[in-house]
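Enquirer: Questions regarding the structure given below will be posed in turn.
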Amino acid sequence: MFDLSPTEWTAIQLSLRVAAVATLVATPLGIALAWLLARRDFWGKSLVDAAIHLPLVLPPVVTGYLLLLTFGRRGLVGAWLADHLGIVFAFRWTGAALACGIMAFPLLVRPIRLSIEAVDRKLEQAAGTLGAAPWRVFLTITLPLALPGVLAGMVLGFAKALGEFGATITFVSNIPGETQTISSAIYSLIQTPDGDAAALRLVAVSIVIALAALVASEWFARRATKRLHGN
């Protein structure tokens, strides 16, 4: 069942690399936005929150097409990046990481925001009255207490990035060895004669990884609840 071919291993390894890069790059921005939404009131807050969650409700193909218009070789941002910095996202694995990061971002931010909101603000205020700067309060009080939620968000974001298909294939196509992730490899195999066995192997791998991620996320969430309640 798990006698994977070199092509299948390549798709799995690429998926893991893309998901890992997408999660690690998105996490700092996710923490910053989660803190902003949890701790600050400002004009347009609902709009920012809606924009963060927009990839969840938009068709993934729409997100991928917007990425192509923006970060493609002739896109609004992509043309400048290619001409001045030599950075190209379209039809590259880095573009797959960008698409996966955007699609996974809402699932990453939500648990972090909830975890920060659950932190007792009296602890932060006490640290402030003792002379701690806001950034120090965040690093020594808020972030450690919210860490299980951060980890839960990272795991969920990683799992979502690992299974992303629509935005990725629209933005970077389905190039074996370069942008062909597990999802796009399965898509190719089910359209290939005698490709069912290979597709089933990749489906099984996807299920195992997704289940492991969901179990880990639930464990981290429970740890966050126990920690916040002093258990």
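Enquirer: Show me, for segment 194-202, the HN-Hα J-couplings you get by feeding each phi into the Karplus relation (A = 6.51, B = -1.76, C = 1.60, θ = phi - 60°), rounded to Hz, glycine and proline as x.
Expert: Working through the residues one at a time gives 6, x, 5, 5, 5, 4, 5, 4, 5 Hz.
Enquirer: Related question: Just add up the charged neighbours of P106: K/R +1, D/E -1, any other residue whose Cβ is under 11 Å from the Cβ of P106.
Expert: Values: positive: R110, R113, K160; negative: D49.
Within the 11 Å Cβ shell, the charges total +2.
Enquirer: Continuing with the same structure: How much length, in nm to one decimal, is gained on full extension between R39 and L76, taken as 0.36 nm per residue of separation minus their Cα-Cα distance? Can you show the working numbers first?
Expert: Working: separation 37, 0.36 × 37 = 13.32 nm, distance 3.33 nm.
Gain on extension, R39 to L76, equals 10.0 nm.
Enquirer: Would you mind working out the accessible area per residue for segment 68-162, using a 1.4 Å probe, and quoting it in Å²? Intermediate results must be reported in sequence, preceding the final value.
Expert: Numbers: 4870 Å² over 95 residues.
Computed with neighbouring chains in place, this is 51 Å² per residue.
Enquirer: Just the number, please: carbon plus sulfur as a percent of the accessible area of the chain, 1.4 Å probe, no ligands or DNA/RNA counted.
Expert: On the way: 8500 of 12650 Å².
Of all accessible area on the chain, carbon and sulfur atoms account for 67 percent.
Enquirer: Among all stretches of the chain without exposed trypsin sites (Lys or Arg not before Pro) (DSSP loop, at most 10 other Cβ atoms within 10 Å), which one is longest?
Expert: Maximal segment without exposed cleavage sites: 75-231.
Enquirer: To continue, here is another question. Please state the Cα pair-distance histogram of the chain with 5 angstrom bins from zero: what percent is in each bin?
Expert: Result, from short to long distances: 1, 7, 12, 15, 16, 14, 12, 9, 6, 4, 2, 1, 0, 0 percent.
Enquirer: Could you check the simple spin-label distance between E178 and Q125, using points 7 Å along Cα→Cβ, in nm with one decimal?
Expert: In this crude spin-label approximation the distance works out to 5.8 nm.
Enquirer: Please identify every one of the chymotrypsin sites (Phe, Trp or Tyr not before Pro) in segment 24-110 that sits in a loop by DSSP and has no more than 13 other beta carbons within 10 Å of its own beta carbon.
Expert: Numbers: sites: W35, F42, W43, Y65, F71, W80, F89, F91, W93; in loops: F42, W43, F89, F91.
The qualifying sites are F42, W43.
The values are calculated or read from the model by the stated rules, or taken from the named source; none is laboratory data. Keep in mind the model is a prediction, meaning the values are calculated, not measured. Please note: Cβ atoms are built from the backbone with ideal geometry, for glycine as well, and neighbour counts cover all protein chains shown. Note: accessible area is taken over every heavy atom of the protein model, side chains too, but ligands, DNA and RNA are not part of it. Shrake-Rupley method; radii C 1.70, N 1.55, O 1.52, S 1.80 Å.
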